[in-house]
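The values are calculated or read from the model by the stated rules, or taken from the named source; none is laboratory data. Just so it is clear, the structure is predicted and the values come from calculations on it, not from any experiment. Reconstructed Cβ throughout: ideal geometry from the backbone, glycine too, with neighbour counts over all protein chains shown. Each accessible area value is taken on the protein alone, full model and side chains, heavy atoms only, with ligands, DNA and RNA left out. Shrake-Rupley method; radii C 1.70, N 1.55, O 1.52, S 1.80 Å.
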Amino acid sequence: MSKDKVTPYHFIKLKKEGKKIVMVTAYEYVQAKLADEAGVDGILVGDSLGMVVMGYKSTIPVTFQDVAHHLKAVVSASPRALVVADMPFLTYEVSREEAVRNAGKYIKLGADAVKVEGGVEIVDRVEAMVKAGIPVMGHVGLNPQRYLVLGMRVRGKTAEDGVRVYEDSKALEEAGVFSIVIEFTTSEVAAEVTKALKVPTICIGAGPYCDGQILVFHDLVGLNTSPPPFVKKYAEGYEVFKNALKSYADEVRTGSFPEERHYFRMHPDELSKLLDILSKKRSSSRSTP
Ligand code: KIV
């Protein structure tokens, strides 16, 4: 594996070569380091942080600043992987100017690209960002930022809805995106979209016929106690951390932590000097009225 920084062009090259693209979300330094050392191709600072980091019920309350804060922590790990900053709800919907300005701020903070949710209705903003020199990743199928209007249902269950996902994807490719996330969509629709596009598709809950896959860090390592149904858990992170914390609490309460190797001692000569000084201080304070 080459050690060169992954770029959007690299994603397109991987598709041409028929190699799968691996992405995961990360929200801070250690997660980014772990993902990069594991050899993933891309890291998404997802607005899913609203749920898995902040405990919100949806991604709607996530702000521009929230993603900026977590992006800085991910960039600190200097990952080889492509770093994609997710644009939160209402940071690109209102106007082309706002979309370019906000996306540009993430690029200035060290993101290699940004991601936006939506299809035909956002092509003008995608074009404006790409024209400004900002690599953009699309996101079709289920769009959690629009769940109040569209719901949280599986997309592409009917031919009519499948055509919508297909047309959204084609419109985004024409607007200049370098890849597209397809979320919670039937595998047949994801397969047709993948065949029709030159840019790679990255799937989450949309089957195996895509050019790559993405999972949320907390779901993958088992830190999310109520993950979505399409998730595969690769570790029991929640239990591992809870057991570590329980052992710590037990050892503090029973006095078995800290042990001698966890603390530092004075030289005996310095100790007797200290005790001497303290005893003098005590007797002088007793004698002062
Ligand atoms: O925010 C996120 O984690 C995402 C993924 C589900 C693709 O957008």
Considering only Ser95, Ser272, Ser247, give the residue with the highest GNM mean-square fluctuation for the chain, with springs between Cα atoms whenever their separation is below 10 Å.
Ser272
Using Cα springs under 10 Å in a Gaussian network model of the chain, which residue among Ala244, Ala99, Ala132 shows the largest mean-square fluctuation?
Ala244
Rounded to the nearest 5, what is the percent of antiparallel bridges among the DSSP beta bridges in the chain?
5
Report in % the part of the accessible area of the chain that belongs to carbon and sulfur, leaving out ligands and nucleic acids; probe 1.4 Å.
58
Take the Cβ-Cβ distance between Val231 and Arg265 as r, set R0 to 51 Å, and report the resulting FRET efficiency rounded to the nearest 0.05.
0.55
Given the DSSP H assignment, sum -39500 (n - 2.57) over each helix run of at least 4 residues in the chain and divide by its residue total; what's the result at 222 nm in deg cm²/dmol, nearest 500?
-13500 deg cm²/dmol
Which of the GluC sites (Glu not before Pro) across the range 195-268 are loop residues per DSSP, with 15 or fewer other Cβ within 10 Å?
Glu236, Glu259
Output row, site Val30, 7 Å Cα→C-beta label point, backbone N cut-off 20 Å, window the range 240-268, residues 240-252, 258, 262
Scalar couplings 3J(HN,Hα) for the range 81-98 by Karplus 6.51 cos²θ - 1.76 cosθ + 1.60 (θ = phi - 60°), nearest whole Hz, x for Gly and Pro, are 4, 5, 9, 10, 9, 7, 8, x, 3, 6, 9, 9, 6, 6, 7, 4, 4, 5
Over the chain, with the other protein chains present, what is the accessible area per residue in square angstrom, probe 1.4 angstrom?
55
Per-pair calculated FRET efficiency, R0 = 45 Å: Tyr209 and Arg253 via Cβ, rounded to 0.05
0.25
R0 of 30 Å, Cβ-Cβ distance Lys170-Glu97: FRET efficiency to nearest 0.05
0.70
By how many nm would the segment from Leu150 to Thr288 grow when fully extended, if each residue of separation counts as 0.36 nm and the alpha-carbon distance is taken off?
41.9 nm
For the chain, the longest site-free run once trypsin sites (Lys or Arg not before Pro) in DSSP loop states with at most 13 other Cβ atoms within 10 Å are removed
58-152
Taking the chain and dividing mean pair separation by its residue count, relative contact order in percent (alpha carbons under 8 Å, at least six apart)
15
